[in-house]
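Working notes for the structure below.
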Amino acid sequence: LGLCTALATAGPFAYAALRRQAEGKLLAEQRRYQRTLQFAARGMTRVRDVAKLSHLITRVVRRTVKVQHASLLLWDEGSQHYVLRASHGPKRLAPQSRHGLESPHPLIQWLKQHRRILTEEEASSLTASAVRQELMTLGAALVIPGVIEQRVVGFLVLGPKRSSAGYTPDDLHAFSTLAHEAAIAIENALSYEELVKANDQLKLATQRLSFQERLATAGQFATGMAHEI
């Protein structure tokens, strides 16, 4: 009876101590990957290739947060769709299975209207069934838009954590910061690629013009020689 009384008295204190220790480890892990995400966000602006940047973003998020998959969809001017550019994780999305989302899609309209993270819990309460269906198709627990002014440059799709833990408000804040920096980096990379493409076209046009000028000069010389002959 004395032993049972002692154990019953010490039990709640031991449970509280173990709980504080577990919560401390969990918070330390969250702070660690939040710092990693913030550091990665600052380094993204140095990448000038959109494909490399897309894989960098999804790979860093997948490894740091340990999610089932991290996938990035970006706006494509050619097809006028949001298309899958990169996906990493055990349950990553297959590029051939995604035909892209049009701008009028209810999910895109929600992101444009609210310009914030859409959680799985919030999507379940929406009346638009197309939004819920698309989240199920994407295997998404979070959809994080990258917004510049009024444009949604793209959005990051995160699956559930592999530990089955939920996403905290601090997680959402870190992802919002990451999405903003990623949108700027992607916009800069797209502008840089367009600038390089325009520069190459200008060089090609200059080379063609110089070649035509040489042909014209040779033609004038040949005409002059024929006249002299």
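Mind checking which lysines have their Cα closer than 23 Å to the Cα of residue 66? Skip sequence neighbours fewer than 8 apart in that chain. Here the lysines satisfying the reach criterion relative to residue 66 are 25, 52, 91, 161. Each residue, residue 113 and residue 19, gets one label point 7 Å from its Cα in the Cβ direction; the gap between the two is 4.0 nm. A straight chain from residue 137 to residue 3 at 0.36 nm per residue would run longer than the Cα-Cα distance by 42.6 nm.
The average projected area of segment 136-189, computed from the convex hull of its Cα atoms over all directions, is 4.5 nm². Here's how it looks for residue 86: its modeled amide H is under 5 Å from those of 72, which are all 5 or more places away or on a different chain. Straightening the chain between residue 122 and residue 59 buys 20.1 nm, computed as 0.36 nm per residue apart minus the Cα-Cα spacing.
The label-point distance for residue 45 and residue 79, in a model that sets each label 7 Å from Cα toward Cβ, rounds to 3.1 nm. At an R0 of 30 angstrom, the distance between the Cβ atoms of residue 176 and residue 200 translates into a FRET efficiency of 0.25.
Test of the criteria: in segment 44-79, which trypsin sites (Lys or Arg not before Pro) are in a DSSP loop and have at most 16 other Cβ atoms within 10 angstrom of their Cβ? Before the final figure, lay out the partial values.
On the way: sites: 46, 48, 52, 59, 62, 63, 66; in loops: 48.
Passing both the DSSP loop test and the Cβ count: 48.
Here the Karplus curve 6.51 cos²θ - 1.76 cosθ + 1.60, taken at θ = phi - 60°, turns the phi angles of segment 179-196 into couplings of 5, 5, 5, 5, 4, 5, 5, 5, 4, 5, 5, 5, 5, 5, 5, 5, 5, 5 Hz, with x standing for Gly and Pro.
Rounded to the nearest whole angstrom, the semi-axes of the ellipsoid equivalent to segment 90-146, taken from the Cα gyration tensor as √(5λ), stand at 18, 13, 11, largest first.
Taking only the alpha-carbon atoms of segment 52-200, what semi-axes of the equivalent ellipsoid follow from 5 times the gyration tensor eigenvalues under a square root, in whole Å, largest first? It would help to have the intermediate numbers written out before the result.
Details: eigenvalues 112, 63, 45 Å².
After diagonalising the Cα gyration tensor, the semi-axes are 24, 18, 15 Å.
Every number in this text was worked out from the coordinates using simple rules, so none of it is lab data. Because the structure is a prediction, the values reported are computed rather than measured. Positions of Cβ are generated from backbone atoms using ideal geometry, with glycine treated the same way; all protein chains shown enter the neighbour counts.
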